[in-house]
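Only one structure is covered here, and it is reproduced in the block below.
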Amino acid sequence: MEAVPDQDTSICTHCDRAVPVANIDLHYAHCSRKLEKCKICGDMVPRKNVEDHYLNTHAPVSCSLCNETMERDILDIHKGENCPQRIVTCEFCEFPLPAIDLAEHQEVCGNRTELCHICNKYVRLRERFSHEARCNGIIQDTSVGSSRNVRETEGDQGARRRPQNDFSTKRLLFTIAITGIAVILGSFFLQRKAEPSDVH
């Protein structure tokens, strides 16, 4: 069986495709009448769909969270990493909130205190991990020494701890007072917001 020789081709000046020479005139007439080259990506698009192609493929889009307009290809990155309204969680309380509010929230939340069960001191949440590492280090170091050294260390720590506990007590009372004021103000504002709806 003889191999069929390759057909001679010619390049269509409208779509830049190689077309058999025998069909070039018919192809060009159809191509130039029905198709248009996208000025952005170079794809050949049916003339009736040119506007849809632009809107669905190339037109800038708005972020559904913050309404910022951007190129379509960076929208997913923006929503996942850069959008100020994307939802993130506080590292201290794991509360979900918009990223734009995270720093202010964590400034307050990280200053809350919890009782360290090792040394019975109140420790800021933002300092909890470094405190636990130091606190565990102190206990491990003291357990290695002799009983006399342990008693001396405990005596030294007890003498040093008294003013710190006094300071921690003051801080705890201050935190409780601030929390109480915040609760009172919050209930006052919620009550004021509820009043107009009761009137209707």
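The values are calculated or read from the model by the stated rules, or taken from the named source; none is laboratory data. Everything numeric here is computed off the predicted structure, so don't read it as measured data. A quick note on method: Cβ atoms are made from the backbone with ideal geometry, for glycine too, and the neighbour counts reach across all protein chains shown. Side chains are part of the model used for accessible areas, which takes the heavy atoms of the whole protein and leaves out ligands, DNA and RNA. Shrake-Rupley method; radii C 1.70, N 1.55, O 1.52, S 1.80 Å.
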Self-check item: Cα-projected label distance for I74 with Q191, points at 7 Å along beta-carbon direction, nm
Solution: 5.0
Quiz prompt | Loop-resident sites, region 1-85, for trypsin sites (Lys or Arg not before Pro), counting at most 10 other Cβ within 10 Å (DSSP) | solution = K39
Quiz item: Using r as the Cβ-Cβ distance of N136 and V61, and R0 as 41 Å, what FRET efficiency do you calculate, to the nearest 0.05?
Solution: 0.20
Exercise. Treat every Asp and Glu Cβ in region 24-145 as -1 and every Lys and Arg Cβ as +1, leave all other atoms uncharged, and give the resulting dipole magnitude about the Cα centre to the nearest 20 debye.
Key: 240
Quiz item: At a 1.4 Å probe, what is the % contribution of carbon and sulfur to the accessible area of region 73-127?
Solution: 49
Quiz prompt | Alpha-carbon centroids, region 13-50 and region 91-123: separation in whole Å | solution = 63
Self-check item: Candidate residues T113, T169: accessible-area rank, largest first, probe 1.4 Å
Solution: T169, T113
Exercise. Express in nm, to one decimal, how much length is gained between S10 and R47 on full extension, taking 0.36 nm for each residue of separation and deducting their alpha carbon distance.
Key: 11.0 nm
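Accessible area per residue for region 35-118 in Å², computed with a 1.4 Å probe and the full protein assembly in place, what is it? Don't skip to the answer; put the middle values down first.
Details: 5830 Å² over 84 residues.
Ligands and nucleic acids excluded, the result is 69 Å² per residue.
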